[in-house]
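Peer 1: Can you read through this structure? Questions will come right after.
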Amino acid sequence: MKMTEYVPGTPCWVDLGTTDLEGAKKFYGGLFGWTSQVAEDPAAGGYTMFLRGGEQVAGAMTTMSPEQPVAWSTYVAVTDADATMTKAQQAGAQTIMPPMDVTDVGRMAMFADPTGAVLGLWQPKSMKGAALVNEPGSLTWDELNTRDAEAAKAFYTATFGWDSSTAQMDGMEYTELKVNGRTVAGMMVMDDAHFPKETPPHWAVYFGVDDCEASVKKVGELGGTVVVPTTPIPMGRFAVCQDPQGGYFSMFESGGGDPAEDSAS
């Protein structure tokens with residue numbers, strides 16, 4: 001599905017911070033068929049766009065310090081990054097990166113929510129977000145994994161106005177996070193049975209695939225690691241993997257419906 005705008009409060013972009021940008025291009029290009037395009041503006045610091053069929057689907061950049069972990073980051077569309085960051089701070093967030101202009105394409109900021117998960121804000125200018133979503137080789141789902149669901153619900157309601165609904169799924173509670181009644185993301189409580197104790201709270205990213213099992217096999221062939229093998233869920237099948245540099249990501253094979261309603265306009 002092609003996108004031109006995102007409703008404020010909707011996850012709109014993901015990017016990868018990696019220690020080996022060329023290695024990431026090779027891995028994700030081989031896995032998802034992505035091509036890459038490096039920003040021409042020197043002020044962009046070599047920021048790379050991943051493209052699928054010529055459409056922007058994600059970004060990548062080299063980590064800025066040895067302490068920065070290799071990780072995918074999720075960004076939520078907002079109309080005013082400064083005002084939203086103020087709301088987040090008042091609700092208990094820790095500032096990771098204060099609001100800053102990104103050349104002429106937008107304004108961004110990053111924070112850690114009160115449970116420890118890091119999330120970005122994106123105030124769009126010329127770049128609205130991912131141009132292609134909910135298709136193989138593109139972003140299909142964003143999910144907060146946290147150990148304190150109630151604190152997270154309170155925080156994101158105060159920051160973005162999100163509503164939530166929780167139901168049982170395969171013996172676990174799963175929460176849908178909503179903007180104006182439309183599901184935009186998910187949330188799951190991290191328990192010791194499914195997450196190692198050392199795993200920090202985080203926003204997980206899911207990319208669509210045609211065949212999860214075949215994609216899992218390809219991950220190994222390309223030098224990545226399978227963390228959670230292909231697993232059936234009511235909406236289809238998913239797997240959790242690591243790229244060769246250690247960045248976690250998930251893959252989702254739809255069983256006939258997207259994991260969330262489209263929430264963009």
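The values are calculated or read from the model by the stated rules, or taken from the named source; none is laboratory data. Small disclaimer: the values here were computed from a predicted structure and weren't measured. FYI the Cβ positions are ideal-geometry reconstructions off the backbone, even for glycines, and counts take in every protein chain you see. Calculation scope for accessible area: heavy atoms of the full protein, side chains included, ligands and nucleic acids excluded. Shrake-Rupley method; radii C 1.70, N 1.55, O 1.52, S 1.80 Å.
Peer 1: Kindly provide the set of residues from region 83-110 that are farther than 18 Å from Trp162 by Cα and either small (Gly, Ala, Ser) or in contact (Cβ under 8 Å) with a residue 40 or more places away in the chain (or both), ordered by number.
Peer 2: Of everything in region 83-110, those that are farther than 18 Å from Trp162 by Cα and either small (Gly, Ala, Ser) or in contact (Cβ under 8 Å) with a residue 40 or more places away in the chain (or both) turn out to be Val102, Thr103, Gly106, Ala109.
Peer 1: Looking at (1) open to solvent by 30 Å² or more (accessible area, probe 1.4 Å); (2) touching a residue at least 60 places away in the same chain (Cβ under 8 Å); (3) under 28 Å from Tyr156 (Cβ atoms), which is the one condition that is false for Val57?
Peer 2: Among (1) open to solvent by 30 Å² or more (accessible area, probe 1.4 Å); (2) touching a residue at least 60 places away in the same chain (Cβ under 8 Å); (3) under 28 Å from Tyr156 (Cβ atoms), Val57 violates only (1).
Peer 1: Within region 213-221, identify whether any single residue is acidic (Asp, Glu), touching a Gly at 6+ places or on another chain (Cβ under 9 Å) and closer than 26 Å to Gly129 by Cα, and answer yes or no.
Peer 2: no
Peer 1: Go through region 112-164 and count every residue that is in contact with a helix residue (DSSP H, G or I) (Cβ under 7 Å, 6 or more places away or on another chain), of a type in the set (A, V, I, L, M) and either in a strand (DSSP E or B) or more than 22 Å from Thr95 (Cα to Cα) (or both).
Peer 2: 2
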